[in-house]
Amino acid sequence: MPARTLLKKLKGVLGEHIGQAWVPRPHRAFFSVRRDELHDVVEALVNRFDIKHLSTITGVDTGEELELLYHFWDYDVCFTVKITLPREKPCIKTLTDIVPGALFYEREVHDLLGVEFEEHPDLSPLVLPDGWEEGHPLLKDWSPP
Amino acid sequence: MAQRLVIPIGPQHPALKEPLGFRFRVEGERVLETHIRMGYVHRGIERALQERSYIQALYLVERVCGICSHIHTTAFCQGVEELLGLEIPPRALYIRTIVCELERIHSHLLWLGVIGRDAGFETLFMYTWRDRETVLDILEEISGNRINYAVNTFGGVRIDLTSAQIESIPKRLDYLEEQAHYYLKLVTTEATFVARTHGVGYLSREDGRAFCVVGPTIRASGVDRDVRRDDPYAAYEELPFQVVTATEGDALARTVVRVKEVIESVRMIRHALHNLPEGEVRVRVRRRIPPGEVISRVEAPRGELIYYIKSDGTERPARVKIRAPTLANMVAVPHMLKGAHIADIPIVVAAIDLCIACADR
């Protein structure tokens, strides 16, 4: 189904949870949600819409805040759920209890941007070396040691 | 009761083609739990891309993976072209697609040799790697390189196909198709190969979906999903092809899916060569990329490859995120290995077609 139709369908059920939403082209949709509502929104995607495929999580440091983009795949549409986190002590509840495929993606965001995922079963380093104490390389103010 | 042990394998180990760290908790001959440690070939490419101009970044993304380099540049170019709002000449899109499919054949044949070798069927490895040379020869003729072809550029492709190439490639494709049919018969009837792969590394449809698995691995578990058809890019909308699926969800099914995909790829290339549009192969592009964010998705040989590109209007990308298909599939490996025989570990791991350099970046 076209991205617009999908977005309309999601809005019908999730209503006020969906903040700003836009459709840049037929196979793409974006919408933002409040960070404390992310878990509930994704739970609804999985249980009520049977949208289970999380393609990945992108973390972006804009300089003022951190953006997390959760890219989902539903048939012909790739839609992105966007949340923002403060740069100081960024923290969000894990999705691994509802989307097991998020296990490695959350670990990677934890490595590279320092986001804490509450209740994640294992946040040990995924791509950075053991004992790495030189910070999170994808933060804007990071410089190589 | 059999003794419980922890067996570490890797990051350096003769059975591994690339560095990856495993810790298997076993009881007797059975695997209870698997822990995977990656990052041994993490090169910080996403950070490095932010410090390069777009054109430099293009050459770096080509080097994310040594096997499927073209698919990475395809994803990156498409994303940047979308930011620019460019219309790409149809001939360029066809050439991109042809190289994508040649690359898929080369990747699948390479993998078929690896799984053959892991299953104790070394002759298969010899056969498929010989035939893979046919594809590499075609790629070399087209681009000048056996790997890292550097065919893509923003606004189109850097090479054009000559009429002599358009005429000579199909003959060699005939050979590859014939061989693929032979391999299909071989892997489904050869007693040793079937015994080593049938029922091994089982992944149910539901578990595959829960772990967000992609590519031939999920298609072999009965999920009909392929970016080329679902979210068409390049010239895929105009090419007739079947999305190959199987329902068994084991290593044998993954093998059959990949061999059948080789046959589909051969047919697609033949069709694309036959219907190759005339005209330009690239358009000129501005150096500055307008601000915006895009998601570019493609079907790499191993599955969905996704690029997120954010531009702030300067000559360098503000953020490029790459998620290679191996990272998506690796999450399911500990699950597939639960209860497996130690001797089956190499087959289960190889069956998802690992590319560690891709996954680590």
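Numerical summary
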item: Peptide A:129-139 - average C-beta neighbours from other chains (10 Å radius); result: 2
item: Stokes-Einstein diffusion coefficient of chain A, Kirkwood radius over Cα pairs, 10 °C, 1.306 mPa s, in µm²/s; result: 100
item: Calculated log₁₀ intensity ratio I(q)/I(0) where the Debye formula runs over C-alpha points of segment B:42-119, q = 0.15, 0.25 Å⁻¹; result: -0.66, -1.17
item: Cα long-axis angle, helix B:69-84 against chain B (0 to 90 degrees, to the nearest 10); result: 40
item: Cα pair distances exceeding 21 angstrom across segment B:172-252, given as percent; result: 45
item: Mean residue ellipticity (222 nm) of the protein assembly as shown, computed from DSSP H runs ≥ 4 via -39,500 (n - 2.57), nearest 500; result: -13000 deg cm²/dmol
item: More than 16 angstrom apart: percent of Cα pairs within segment B:137-208; result: 70
item: Test item: A:50-62 mean partner chain Cβ contacts at 10 Å; result: 6
item: Rg ratio (alpha-carbon, reference 2.2 N^0.38 Å) - segment B:4-360; result: 0.99
item: Residue mean of other protein chain beta carbons inside 10 Å, B:205-212; result: 5
item: All-pairs Cα distance distribution in segment B:206-359, expressed in whole percent, bin size 10 Å; result: 10, 32, 30, 20, 8, 1
item: Degrees, to the nearest 10: B:163-189 long Cα axis against longest axis of chain B; result: 20
item: Equivalent ellipsoid dimensions for the protein assembly as shown as semi-axes, Å, which come from the Cα gyration tensor, largest first; result: 33, 31, 21
item: Segment B:1-146 - Rg over Rh from alpha carbon coordinates, Kirkwood radius; result: 1.09
item: Added length on full extension, which subtracts the Cα-Cα distance from 0.36 nm per residue, B:Thr247 to B:Met126; result: 40.7 nm
item: Interatomic Cα distance distribution for segment B:251-331, bins of 5 angstrom, percent; result: 3, 11, 12, 14, 15, 15, 14, 10, 5, 1
item: Difference of contour (0.36 nm per residue) and Cα-Cα distance, B:Ala15 to B:Thr162; result: 48.7 nm
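Values quoted throughout were computed directly from the atomic coordinates according to the rules given, and no laboratory measurement underlies them. None of these values were measured; they are calculated from a predicted model. Here the Cβ is made from the backbone with ideal geometry for all residues, glycine too, and neighbour counts use every protein chain on show.
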